[in-house]
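The values are calculated or read from the model by the stated rules, or taken from the named source; none is laboratory data. In this text the structure is predicted, and so the values were computed from the model without any measurement. Cβ sites come from the backbone with ideal geometry, for glycine too, and all protein chains shown count toward neighbours. Heads up: the accessible areas ignore ligands, DNA and RNA and are worked out on the full protein's heavy atoms, side chains in. Shrake-Rupley method; radii C 1.70, N 1.55, O 1.52, S 1.80 Å.
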Amino acid sequence: MRGQLLFNSLWLIGAGLVAQGGESLPYCMSSRFLLLSWWFFMLLVITIYTSALTAFLTISDLGVPFESVLGLLGQEEYEWGVLGSAHPETLLQTHRDSRYGELVHKGHAMPDVYSSLARLREGKFVFIDEAPILKHHLHADCDVFSVGVEFQSFEYAFGLRKDSPYTDLIDAYILKYREEGLIDSLWEKWSSDNLGCSNKLGRITVMGLQKLSGMFYILFIGVCISFILVIFELCHASVRDVRKGHETSISKAFVKRLSLKKNHILNQGRDKHLPGPAVKL
């Protein structure tokens, strides 16, 4: 890297962390490509961090004293209700976390969905029910929103009598439609998010490593390409050495070039401490 010491290399990498250029740049093509990959990786990191920070500073609070269904237990401003003798009530009562059972005991037993939604629109009330049912009834109601995420998911099924002749047929078609993506496309078509009104308050989505893996793939690919370019440069220099008569074979020339490069890297730190020539003023 044109006489750069390890300190200068670390300084150049550190400059990329703050989107700044170094005092001197690499000379060979492989080092330049490696540095370019690092700069592009840091550009993505800075962009994502900036967008996340902007969202954190601009998105307002939820306006409610809780962010999940369990948060209802720690406040007294809002009341809540669950359909009596329904599937959501059973899920809450049989949950491994006993706090979900407290939601049923301390909440109101609602008679039906329509009275629950009417009570919900009056304010200061939370209705706990299955997400698909809520989305279906509230897809055009922009004054009602959901808070938090689903605390438990489950699948719907068709009920048939035992040993029904249609069981295998229905199972085959449901599996076929799921593999073809028809069920997902129908859900997206009739989802509340696509009907002109979003029923979910804005909140910051936590981006884990799985969502950021693409950046690390880019950096890994850049390192691999740089390594290939290093091999190509050494091979090209070895062929040139053979043509000039410095070596008898490409393999010997390649080993010699690789040894010279290794010694050059190891001796960079030592050359810094050698005494320089005297300069008269």
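Listed conditions (1) part of a loop (DSSP other than H, G, I, E, B); (2) open to solvent by less than 50 Å² (accessible area, probe 1.4 Å) are all met by residue 126, apart from (1). Please go through region 213-250 and give me each residue that is within 25 Å of residue 38 (Cβ to Cβ) and modelled with pLDDT under 80, ordered by number. The answer is 213, 214, 215. One residue alone among 4, 20 is crowded, with 18+ Cβ neighbours inside 10 Å and modelled with pLDDT under 70, and that residue is 4. Residues in region 134-169 that are of a type in the set (A, V, I, L, M, F, W, C), in a helix (DSSP H, G or I) and surrounded by 13 or more Cβ atoms within 10 Å (Cβ to Cβ): 134, 138.
Within region 145-166, being of a type in the set (Ser, Thr, Tyr) and over 40 Å from the mean Cα position of the chain (by Cα) holds for 164, 166. Looking across region 251-273, the residues that are modelled with pLDDT of 80 or more and farther than 21 Å from residue 34 by Cβ come down to 251, 252, 253, 255, 256, 259.
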